[in-house]
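Novice: Got a structure for you, questions after.
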Amino acid sequence: MTETGRNLTRRKALTTLAGGAAALPLWARYTHAQTAEPIKIGFQIHRTGVGAAYGRWYERTGNSAAKYINENGGINGRMVELVPEDDGTNPKRGAELLEKFANQHKCDIAYGPLFSHVVIGSAPRAAELKLPYFVVSEGHHVASGMLNRYTLQPGITDVKSQVLAIAPFVADNLGKKVTMIYPDYAYGHDHRDFFTQAIEAQGGEVLEKIAIPPTETSFTRYFPKIPRETEVVYHVMVGPSVLTFVKEMGEFFGGSGPELFGFVDSLETIDINSPGLEFLNGSHFWEGMTRYAQPDETEAQAFYRNAVGVDENGASLADPRDVSAYGHMYGCWTTLSVIKAGMEAAGYRGPQDRTALIEAVEAMTDLPHGRDYPQGPMQFNGRTHQVFGEQHVSRVEGGRLVRVHTAGIEAGMYPDEVDYTQRPF
């Protein structure tokens, strides 16, 4: 069968399955689901370690997505059961969890991790176990070809795509002489390498690259390395010390200095109105999904916001002091939607259908905006196992992030570096 024919067949199957489930009365869908074993998904969560702030919201979002799927008939009439385990944001522990999911919990697949070093350390074990591994990571490690056919990233965009999309905005609006501050591991190195290339393509240059150890708790000593001629400080920082990082950056500049362009990672789970962050007013951030509800928020986006328990400011409905990781956590929701669609297209029954599931996901292309994909329209590349989507730039105005620019899907596209579909299972 040709690739075009295969895609059409998969789309027809998806449409048929979705229509069939929707045609059943709700009680009938539940009756069917309760007579079958659940589909068990190993949920690899950063509950502790440097990724804990993200892990807390990844877990909430994953649970909300599973609830949404189960309330709408499950997958092939079966309920979804998430099996959560803490990987400690540790690659060795991550690999051990995959074995636990496969052999002890008897999970159908594994899903969930964010931090790149955990994904890179865990993915080889997924291939050895022949366990489909759906990561929510952003790193370029999947699309670069360094991993394997069992590892997919179908619900969140990667750093290379993100920086390609936003580099023209930085160059045209903020400046072309850039100093970069980033974490000193794979995720930060992706920013270093790909933004350098992207800004040079816009006629700019990176004057200095300042790598910060992931265990660092104070950052003041790094800021004097910023060259005087810097027009833009590009910052992306993650982990429990991000509030310290942005506060110390403000103290160093004293309300003046270069333009600031940050990835929202530097503010994830942080209240913009925290004392000491006033200097951020007027600065810009990349966002994967806008934390603050925008005037044109769609019905699907409003539905998702409520489903994950977040208010219009991006904080927990239960506690306004509990700020979400809104720019990233949507990937847990969209990835479960892809898993559902793939399993239904493959007629998934159990572990014997794992390769059919991967092939079904590889055949997907357009992921239309809606409740399943609330971040916006996305396009999946089955050859590289990577999804592409819109990228947003927001400006801090009056203690809120206000979207000022959206780059379309095509702005973040780049040539394939791998074709996983040609690799054996």
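Novice: Considering only residues that are at pLDDT 95 or above and open to solvent by 10 Å² or more (accessible area, probe 1.4 Å), look in the range 34-51 and name the one that is nearest to residue 328 (Cα to Cα). Reasoning before the result, please.
Specialist: Of all residues in the range 34-51, those at pLDDT 95 or above come to 38-48.
Filter once more, keeping what is open to solvent by 10 Å² or more (accessible area, probe 1.4 Å): 38, 40, 47-48.
Details: 38: 27, 40: 24, 47: 16, 48: 18 Å.
The extreme case among them is 47.
Novice: For residue 213, are the conditions met, namely being surrounded by fewer than 21 Cβ atoms within 10 Å (Cβ to Cβ) and not small (Gly, Ala, Ser)? Please lay out each step first, then the result.
Specialist: Working: surrounded by fewer than 21 Cβ atoms within 10 Å (Cβ to Cβ): yes; not small (Gly, Ala, Ser): yes.
Judged against the criteria, residue 213 is a match.
Novice: Now, a different point. Would you point out the residue of the range 404-425, among those that are within 19 Å of the chain's Cα centre (by Cα) and of a type outside the set (Ser, Thr, Tyr), that is nearest to residue 383 (Cα to Cα)?
Specialist: Here is the first cut: in the range 404-425, the ones within 19 Å of the chain's Cα centre (by Cα) are 406-414.
Those still in the list that are of a type outside the set (Ser, Thr, Tyr) too: 407-413.
Numbers: 407: 23, 408: 21, 409: 17, 410: 17, 411: 19, 412: 16, 413: 13 Å.
So the residue we want is 413.
Novice: Quick one: residue 179 ticks every box in (1) under 27 Å from the mean Cα position of the chain (by Cα); (2) among the hydroxyl-bearing types (Ser, Thr, Tyr); (3) in a loop (DSSP other than H, G, I, E, B) bar one, so which box is it?
Specialist: Condition (3) is where residue 179 drops out.
Novice: Still on this structure, please answer the following. Somewhere in the range 392-403, is a residue open to solvent by 40 Å² or more (accessible area, probe 1.4 Å), of a type outside the set (Ser, Thr, Tyr) and free of Cβ contacts under 8 Å to residues at least 12 places away in the same chain?
Specialist: no
Novice: Okay, moving on. Identify the residue in the range 115-139 that is open to solvent by 10 Å² or more (accessible area, probe 1.4 Å) and at pLDDT 95 or above and, among all such residues, is nearest to residue 417 (Cα to Cα).
Specialist: Across the range 115-139, the extreme among qualifying residues is 120.
Novice: Considering only residues that are of a type in the set (Ser, Thr, Tyr) and touching a residue at least 60 places away in the same chain (Cβ under 8 Å), look in the range 164-192 and name the one that is surrounded by the fewest Cβ atoms within 10 Å (Cβ to Cβ). Explain how you work it out, then say what you get.
Specialist: So in the range 164-192, the residues of a type in the set (Ser, Thr, Tyr) come out as 179, 182, 185, 187.
Subset that is touching a residue at least 60 places away in the same chain (Cβ under 8 Å): 179, 185, 187.
Values: 179: 21, 185: 19, 187: 25.
The selected residue is 185.
Novice: Do we find that residue 358 is of a type in the set (A, V, I, L, M), open to solvent by less than 10 Å² (accessible area, probe 1.4 Å) and in contact with a Lys or Arg (Cβ under 7 Å, 6 or more places away or on another chain) in this structure?
Specialist: On the way: of a type in the set (A, V, I, L, M): yes; open to solvent by less than 10 Å² (accessible area, probe 1.4 Å): yes; in contact with a Lys or Arg (Cβ under 7 Å, 6 or more places away or on another chain): yes.
It is true that residue 358 is of a type in the set (A, V, I, L, M), open to solvent by less than 10 Å² (accessible area, probe 1.4 Å) and in contact with a Lys or Arg (Cβ under 7 Å, 6 or more places away or on another chain).
Novice: I'm told residue 234 meets every condition in (1) open to solvent by less than 10 Å² (accessible area, probe 1.4 Å); (2) touching a Phe, Trp or Tyr at 6+ places or on another chain (Cβ under 7 Å); (3) not hydrophobic (A, V, I, L, M, F, W, C); (4) not in a strand (DSSP E or B) except one. Can you identify the failing condition by its number?
Specialist: (4)
Novice: Show the residue pairs meeting these rules: Cβ distance below 8 Å; 6+ apart or different chains; first residue within the range 193-218 and at positive phi and touching a residue at least 24 places away in the same chain (Cβ under 8 Å); second residue part of a helix (DSSP H, G or I) and surrounded by 18 or more Cβ atoms within 10 Å (Cβ to Cβ).
Specialist: Pairs that qualify, where the first residue is at positive phi and touching a residue at least 24 places away in the same chain (Cβ under 8 Å) and the partner is part of a helix (DSSP H, G or I) and surrounded by 18 or more Cβ atoms within 10 Å (Cβ to Cβ), are 203/171.
The values are calculated or read from the model by the stated rules, or taken from the named source; none is laboratory data. All values reported here derive from a predicted model rather than from experimental measurement. Because the Cβ atoms are built from the backbone with ideal geometry, glycine has one as well, and the counts that use them run over all protein chains shown. To get the accessible areas, we keep the full protein, side chains included, count just its heavy atoms, and leave off ligands, DNA and RNA. Shrake-Rupley method; radii C 1.70, N 1.55, O 1.52, S 1.80 Å.
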